[in-house]
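The next block holds one structure in the form of structure tokens; read it before the comments.
The values are calculated or read from the model by the stated rules, or taken from the named source; none is laboratory data. Predicted model, so just to flag it, every value in this text is computed and none were measured. Counting neighbours? That spans all protein chains shown, and the Cβs are built from the backbone with ideal geometry, glycine included. Side chains are part of the model used for accessible areas, which takes the heavy atoms of the whole protein and leaves out ligands, DNA and RNA. Shrake-Rupley method; radii C 1.70, N 1.55, O 1.52, S 1.80 Å.
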Amino acid sequence: MTKTSFCLATAALALSGCMPQPEDAARSTPAADSDLPSEPTGLGTAGAPSATGCVPRAKATIGSVSRVPICDDDPPPPPPPPKPGAGVTWNPPLVANGGTTTYLLQRFYADGDGGQCQGATGANAVAVETWSPTMVHDTDNRGGGCYQQFALFDPSHRLDGAHLFVDFVQSPGGDGQCDTPGTREIPHVASVTGAWTTWSTPYRIDTDDRGGGCLQTFRVEGRTDVVLDVSWSVTPGGDGGQCWSQGTAAAFAGRPVTIGLDMDGRPGGCQQSLRLRVNSDIDGDGVVNTADNCPQIANPSQVDCDGDGAGDACDPENARWQVSDNPAPCHIDHDTHALWYTLEFYALRSYVDVSSCHAATRYERYLRYSNDCSWNISESQCCMTGGPGAFEACGCFPVGNGEWDCDNQIDINRCYLPGGGVAMFSSQTDISAEAISSSNESPAR
């Protein structure tokens, strides 16, 4: 098109009233990377003409957040993604067929002002054990946002059985800045014929000065030796409040990693880099994962004092409890009702660690027996009417000459630890399943 015809075409657009909106104006200039995809689907059908004469597409169906109207004369979508190594900066060079290296692939691109999505834009492939090029998020009130997609190229099947996921959601109190939220699995590809087209579903980040931000969680399932390292930090000189949960963390089976994005008009942005590892010793303690009794926490000694299979470094309770045979009566509680009363008889039970951990003895106050009686029955009689064993269970206290007294013991709480202090446990629900299973007497009554 000649310069004259271009100007005439531009003038015709102005007269028709259908000039691109700010967000589209940025998109109308093709990105330098020809690997950019067409706009994600899900925008709905065409709407009525706007005041500018444009026929806007329906707003995105993400909550109630409206997108900027887009004219029907949007530029055509870019061409399909090229073959690996052609027209895309694959870093390092991706050998699609015939190679054995496993790669993590990432795409990072803008649909508006490209200044909001910097660093490793376009498509990049990075071999396992290597950090990916840094993606810089700096979305604000400029038009458009940033898209992310991922894939795995695994010609040697090193990742068979592993599943990698990205969860993308709006933070609590957020205001529609996270398009196409949800969970997507990162697809595996073992061989490629023609163009590379297999990517995870794209999601769009468009944080600005609205409330809240976006949460991005990386998860690994199915294998204990596959690790995805996540590096997340503020750009030099930037405002760190835009990048939640900064640092470097490892996502592996049972432990996801979540980072928060809240970029806006504050200085700087957030930079993200990933590294995929296939590691037989995640915690680096010299013991392979399959034999490690704490595979996620380094413990070279593998000490397990209670012999439950979980090493001391990661065992939430280093002890093997055995309950005492002789619970001590310690409290009789009187509860009043309209036509009767109830006596509740509590006892103090001890738990002793019988393992080599030598944990301190624990004590539990528990309800051992209760009895409902009418008002014409004394408390002593009420204690005695519970059937065989009720007298001992009542916990009445001896007063001499073979006599026992319950009446004067009501509402006196003697459930204390030896040497002072209240009972460590208040009910059997505070006792671990391990303690209950190894008890001589069941805590349940």
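Data for the structure
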quantity: Förster radius 51 Å - calculated FRET efficiency between Thr183 and Val354 (Cβ-Cβ, nearest 0.05); calculated: 0.65
quantity: Within the stretch 148-183: backbone nitrogen closer than 19 Å to the Gln296 label point (7 Å, Cα to C-beta); calculated: 162-167
quantity: Cβ-derived FRET efficiency at R0 51 Å, Asp209 paired with Asp335, nearest 0.05; calculated: 0.30
quantity: Solvent-accessible area, 1.4 Å probe, carbon plus sulfur percent, for the stretch 202-356; calculated: 52
quantity: For the stretch 175-288: accessible area per residue (Å², 1.4 Å); calculated: 36
quantity: Listed residues Tyr341, Tyr346 arranged by accessible area, highest first, probe 1.4 Å; calculated: Tyr346, Tyr341
